[in-house]
1. Measure nothing fancy, just the Cα-based angle from helix 17-38's long axis to the longest principal axis of the chain, in degrees from 0 to 90, nearest 10.
2. If you take every residue apart from Gly18 with its C-beta less than 11 Å away from the C-beta of Gly18, what net charge results, scoring Lys and Arg +1 and Asp and Glu -1?
3. Between Gln42 and Glu10, what is the spin-label point distance in nm, taking each point 7 Å from the Cα along the Cα→C-beta axis?
4. Would you check the accessible area of Asp3, probe 1.4 Å, heavy atoms only, in square angstrom rounded to 10?
5. Going 7 Å from the Cα of Ala51 in the Cα-to-Cβ direction, what parts of the stretch 1-41 have a backbone nitrogen less than 15 Å from that spot?
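The values are calculated or read from the model by the stated rules, or taken from the named source; none is laboratory data. Since the model is a prediction, treat every value here as computed from it, not as a measurement. Quick reminder, even Gly has a Cβ in these numbers, built from the backbone with ideal geometry, and neighbours come from all protein chains shown. Ligands, DNA and RNA are stripped out before the accessible areas are found, and what is left, the full protein with its side chains, is counted by its heavy atoms. Shrake-Rupley method; radii C 1.70, N 1.55, O 1.52, S 1.80 Å.
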Amino acid sequence: MLDVLHGLCEEAKCDAPGELASQLLLLIDGVSARVLVHGPGQASEAMAAAAHAAAALLTAAPPAP
């Protein structure tokens, strides 16, 4: 999954694709963990929070020089 995210970040011409890919994967892992610990009823809220955080990361990511 990290390789897929890294490739997408490279295609998007992000300055630090490895770092951004790792951060995005942490969000995915966090959603999975929340659902495992608190049950599937938390999936919607966790996904919404992760999507919001991902948007912030992508907005803040500088373009490659």
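1. Around 0 degrees separate the two axes.
2. So the surrounding residues net to -4.
3. Result: 3.5 nm between the two label points.
4. Here the accessible area works out near 130 Å².
5. 28, 31
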